[in-house]
Amino acid sequence: MAQTRDEETLPAEASGFSDMSDSELLEFLDLEDAEESGASLSKLGPSKPSKTEGKAVSLQNHKRGTNVSSPMDKFHLKYLYVTDLSTQKWCELQMAYGKELPGFLTPEKADVLDTGASIHLARELELHDLVTVPITTREDAWAIKFLNMLSMIPTLQSEGRIREFPVFGEVEGILVVGMIDELHYTANGELELAELKTRRRPMLPRAAQKKKDAFQVSLYKYIFDSMVQGKVTPAGLIHHIELCPDKPLGPSVLRHARQGGVSVKSLGDLMELVFLSLTLSDLPVIDILKIEYIHQETATVLGTEIVSFEEKEVRREAQHYVAYWVGHREPQGVDVEEAWKCQTCDYKDICEWRKGGGALSAVLEPQAKKPK
């Protein structure tokens, strides 16, 4: 598989499908610590100073009666990641604060990220070689992702297993992209999606985390199935991302394509090949959704979960989460029964939902605490 290397500074979305397979890596410390505490909102004791204390959090677009752009516009987003939506299932307000005040990556969280990423990379290298290809445009970056897809589709059909497969499609009018950890055929010929989740502690997550993970893989299936059923089109993708399909690809990308037996000149040419390959390769829809939890330190399998896919429920939840992104509603915090999640949240000291007992206050610009 090819990787990209920027030869100039590109926009944030230039990397194309950059969604991490194990996107919860940065959250594991918070999630697992919170799972152990089991604390309720009313019993939370004095907390250490927050990294966000003293900073004004600008969530004005959620004030009632104001005419402010949607979060999609505010954050200049052309698409969302699958993990953006699944993170909302954990705590939507935490995600909103995180967009406004990106948390500082502590050394402990950096170690968790590095370890989890290393595990995923090792698994990927079992099946694919990685080749770095220099890029200079957004079209080049997306072309690399499409070239990877073009090589993986026949590999799945002939060898029965691939890893790190990009997916993209429209969900409730918004383009959503992601990366499937693994696709393989079972002994019975069923197509199975296997999602790897690494755990810092040798224990399975609580139900709240499992529900979040289940929603993530369900979204993967919903999008992948739409792709192989021909419901996703090049025109739709270009419209959302605002790419130039006729722009010539860079020499490094073209050279890599030729080495793989692909003769194209532009991103549009390449996309046509990929979409034809998706619809003509007889790829089936995904039959089985499996989540595997492993211990980071020992690589021991802690357990597996088989997820039951309910399309109506997935669409209902996605519609609810997308409504926030398009500015149709305010962000919501957790129910009081799940207030234990607040225990390790970076934003608990400024959280208006927490201060308001489960509702956003009229003013969402927390001020610095006055010295005692």
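Got a sec to turn the phi values of the range 155-165 into Karplus ³J(HN,Hα) couplings, 6.51 cos²θ - 1.76 cosθ + 1.60 with θ = phi - 60°, whole Hz, x for Gly and Pro?
Per-residue couplings from phi come out as 5, 4, 5, 8, 9, x, 7, 9, 9, 6, 9 Hz.
Between the DSSP loop rule and a limit of at most 14 other Cβ atoms within 10 Å, which trypsin sites (Lys or Arg not before Pro) in the range 243-349 are left?
K265, R329
Rounded to whole Hz and in sequence order, give me ³J(HN,Hα) for the range 233-243 from the Karplus expression 6.51 cos²θ - 1.76 cosθ + 1.60, θ = phi - 60°, writing x for Gly and Pro.
10, x, 4, x, 5, 4, 4, 5, 8, 6, 8
Heavy atoms only, probe 1.4 Å: what % of the accessible area of the range 222-300 goes to carbon and sulfur, would you let me know?
Details: 2030 of 3910 Å².
Carbon and sulfur: 52 percent of the exposed surface of the range 222-300.
Restricting to Cα pairs below 8 Å that are 6+ residues apart, what does the relative contact order work out to for the range 231-290? Please round to a whole percent. Intermediate values should be presented prior to the final figure.
Values: 30 pairs, mean separation 19.9, N = 60.
The value is 33 percent.
Over 29 Å between Cα atoms: which of K221/K265; K221/K247; K145/K197; K221/K348 fall into that group?
Pairs exceeding 29 Å: K221/K265; K221/K247; K221/K348.
I238 versus R255, label points 7 Å from Cα toward the beta carbon: distance in nm?
So the label points at I238 and R255 sit 2.8 nm apart.
Any idea of the accessible area per residue across the range 180-219, 1.4 Å probe, to the nearest Å²?
In whole numbers, the range 180-219 has 33 Å² accessible per residue.
Between I306 and F75, take the C-beta separation as r, use R0 = 41 Å, and let me know the FRET efficiency to the nearest 0.05.
With a Förster radius of 41 Å, E is 0.70.
Could you tell me which GluC sites (Glu not before Pro) in the range 220-293 are loop residues by DSSP with no more than 10 other beta carbons within 10 angstrom of their beta carbon?
Values: sites: E242, E272, E292; in loops: E242.
Qualifying residues, ordered by number: E242.
For a quick check: with amide H placed at 1.01 Å from N, whose amide H comes under 5 Å from E182's, ignoring anything fewer than 5 positions away on the same chain?
E164, A194
If you count only protein heavy atoms with a 1.4 Å probe, what accessible area per residue comes out for the range 265-325, rounded to a whole Å²?
The answer is 52 Å² per residue.
Could you please state, rounded to a whole Å, how far the C-alpha centre of the range 162-227 is from the C-alpha centre of the range 244-275?
What the calculation gives is 28 Å, centre to centre.
Length gain on complete extension for the stretch T155 to T132, per 0.36 nm per residue less the alpha carbon to alpha carbon distance?
6.3 nm
The values are calculated or read from the model by the stated rules, or taken from the named source; none is laboratory data. As the structure is a computational prediction, the values presented were derived from the model and not from experiment. Don't worry about glycine lacking a Cβ; one is built from the backbone with ideal geometry, like all the others, and counts go over all protein chains shown. Surface areas here come from the heavy atoms of the whole protein model, side chains and all, with no ligands, DNA or RNA. Shrake-Rupley method; radii C 1.70, N 1.55, O 1.52, S 1.80 Å.
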